[in-house]
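Beneath this line is the structure, given in structure tokens, with notes to follow.
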Amino acid sequence: MAFEHFPALRWGGAGTGDWFSRRSFLQVGSLGFGRWGLGGLGLGGAGLAELSLPGLLRAEAKSGRRQANKSVIQIFLSGGPPHQDMVDLKPEAPVEVRGEFRPIDTTVPGLQLCELLPGLARRAEHLAVIRSLVGSEGRHAAFQCLTGNTVARQPPGGWPALGAVASKLLGARQPGVPPFISLAPRMKTSTWGDLGQPGFCGQAHAAFAPYADAAQLQLQGITRPALQARQALLQQIDGLKELADSGVLAGTDSYYEQAFGILTSSELVEALDLQREDPRVRARYAGGSTEPAGYGDAGPILNDYFLAARRLIEVGARVVSIAYGRWDWHGRPHGTNFENARDHLPLFDGGLSALLDDLKERGLDRDCTVVVWGEFGRTPRINKNGGRDHWPQVACALLAGGGLRTGQVIGATNRHAEVPRERPVHFQEVFATLYHQLGIDVAEQTLDDLTGRPQYLVDHTHHGPLPELI
């Protein structure tokens, strides 16, 4: 999966609806952002719009952000994964509750996982398993998993995603690499394909989204004109680099230079070109398909996403978000909960296991925190179609890396996995922990909404970082 395989690039944001080609994105003569996408403003034109790329970089510079080397990978399991079939099995429950899978022991005494997750079972000492996640809004959307807040009762401008906050407060770790990158592909269910809203942080801190059309991740079926257009793109990249190296930019606004840096960044381009990866490492991540998963209204279940996330973190991204598969398994005619689990779970097990190993081997696990979850859990009782329905009362999450105290389970549910029995963990506690991992104190840090009113990132009076983990 190489950079040139992507037919579109997108700098996303709240309500972004326009898709634009990589050619228009990289063409210096149209280096400007309109409200929803690229405008037609050129470097040589009079009066650069406030939302041009250099303008966005100026806006970033005004934030007084702190520099740090911490990062986060967010893995969103679109649709709501079945907690009781993955990390909280109830083998003693009635058959209509316990389902078809058996639990297996792990490297952590007392912790059992689903038999379809043997790789994670062998790496359990590197995981913190939350079995009592509460506070779900109950919506089929990535919003809560990306922002920590609910869609309801938003401040003016809207709640920003974790990555947008990191971009505003911390800025770029590496020149030319956007701090917030979303690997969410284009989806029919747009709320699952949410890139991560910049909210009141502003469009300067929206996600950079290179996988705008996940259905086109291979060269098969590409027409000659399309291939020629992609060859022209590569020539444009080379031309931009030559222009930057020639000294033409000398004496111009430093933010134009930064804009050129992003558009011509070899680190970013090469990180997205997975063909550059060691074949032995690529083989670890093997699995999945470029086709939309499940009913066709979500993104693919593709382990290349995990590899791309690691490569982007390695070159300097702060927050990388992944949308992985389709986990909304109500049953026939689209396959039972258990048929879908037999398809998804082994791939997920292999991809996440490879990511954890890769981060550790490269020493990235000390600074990079990984979180895995979906928007809610699934019903304890299996429905008549062999599926499990939506269950906001309790869900699960996995955390790893970042120096967290892993190798433990946090929380427990009752005998049917219906509600927390001990230690309920709120979505905002997880977000407070992620912010802590990035060096952001949620008890002190505020950001102004669009009316100028300071807003805390989470309800810090009730929800702080998880003491079990930090």
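The values are calculated or read from the model by the stated rules, or taken from the named source; none is laboratory data. Note that the coordinates shown come from a computational prediction; the quantities given were computed from them, not determined experimentally. Because the Cβ atoms are built from the backbone with ideal geometry, glycine has one as well, and the counts that use them run over all protein chains shown.
If you filter region 394-419 down to residues that are of a type outside the set (A, V, I, L, M, F, W, C) and more than 20 Å from residue 371 (Cα to Cα), you find that the one that is farthest from the chain's Cα centre (by Cα) is 415.
Looking across region 310-353, the residues that are of a type in the set (D, E, K, R) and at pLDDT 95 or above come down to 310, 311, 314, 318, 326, 328, 339, 342, 343, 349.
Residues 133, 183: which one is under 30 Å from residue 409 (Cα atoms) and over 16 Å from the mean Cα position of the chain (by Cα)?
133
In region 335-353 there is at least one residue that is among the polar types (S, T, N, Q), at negative phi and in contact with a strand residue (DSSP E or B) (Cβ under 7 Å, 6 or more places away or on another chain). Taken together, 184, 142, 121, 152 contain a single residue that is in contact with a Ser or Thr (Cβ under 7 Å, 6 or more places away or on another chain), without any contact (Cβ under 8 Å) to a residue 40 or more places away in the chain and small (Gly, Ala, Ser), which is 121. Against the condition surrounded by fewer than 21 Cβ atoms within 10 Å (Cβ to Cβ), under 21 Å from residue 83 (Cα atoms) and modelled with pLDDT of 95 or more, how does residue 388 come out, does it pass? Considered against the rule, which asks whether it is surrounded by fewer than 21 Cβ atoms within 10 Å (Cβ to Cβ), under 21 Å from residue 83 (Cα atoms) and modelled with pLDDT of 95 or more, residue 388 comes out as no. Does residue 454 satisfy the condition of being free of Cβ contacts under 8 Å to residues at least 24 places away in the same chain and not basic (Lys, Arg)? Taking the combined requirement at face value, the residue satisfies it. Of note, residue 135 satisfies the criterion of being surrounded by fewer than 22 Cβ atoms within 10 Å (Cβ to Cβ), within 17 Å of residue 395 (Cα to Cα) and out of contact with any Ser or Thr (no Cβ under 8 Å at 6 or more places or on another chain). Each residue in region 99-119 was checked for being hydrophobic (A, V, I, L, M, F, W, C) and not in a loop (DSSP other than H, G, I, E, B), and 3 pass. Within region 271-309, restricting attention to residues that are buried (at least 24 other Cβ atoms within 10 Å of the Cβ) and more than 21 Å from residue 343 (Cβ to Cβ), the residue that is modelled with the lowest pLDDT is 271. Report, by residue number, each residue of region 281-327 that is part of a helix (DSSP H, G or I), of a type in the set (A, V, I, L, M) and under 19 Å from residue 345 (Cα atoms). Listed by number, the residues that qualify are 283, 307.
All of 341, 354 fail the test of being part of a helix (DSSP H, G or I) and within 18 Å of the chain's Cα centre (by Cα), apart from 354. Of the set (1) part of a loop (DSSP other than H, G, I, E, B); (2) touching a strand residue (DSSP E or B) at 6+ places or on another chain (Cβ under 6 Å), all apply to residue 154 but (2).
Report whether or not residue 165 is among the β-branched types (Val, Ile, Thr), at pLDDT 90 or above, over 11 Å from the mean Cα position of the chain (by Cα) and assigned to a loop (DSSP other than H, G, I, E, B). Spelling it out, it is not the case that residue 165 is among the β-branched types (Val, Ile, Thr), at pLDDT 90 or above, over 11 Å from the mean Cα position of the chain (by Cα) and assigned to a loop (DSSP other than H, G, I, E, B).
Every residue, every condition in (1) part of a helix (DSSP H, G or I); (2) modelled with pLDDT of 95 or more; (3) more than 30 Å from residue 338 (Cα to Cα), yes or no:
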residue	(1), (2), (3)
17	no, no, yes
48	no, no, yes
84	yes, yes, no
121	yes, yes, no
129	no, yes, no
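Sub-6 Å Cβ pairs linking a first residue in region 200-212 that is at positive phi to a second residue that is among the small types (Gly, Ala, Ser), at least 6 apart or interchain, number zero. Just one residue in the set 343, 328 is under 17 Å from residue 288 (Cβ atoms) and acidic (Asp, Glu); that residue is 343.
In region 107-132, how many are of a type in the set (S, T, N, Q) and surrounded by fewer than 22 Cβ atoms within 10 Å (Cβ to Cβ)?
Taking region 107-132 first, the residues of a type in the set (S, T, N, Q) are 107, 112, 132.
Remaining after also requiring surrounded by fewer than 22 Cβ atoms within 10 Å (Cβ to Cβ): 107, 112.
Selection size over region 107-132: 2.
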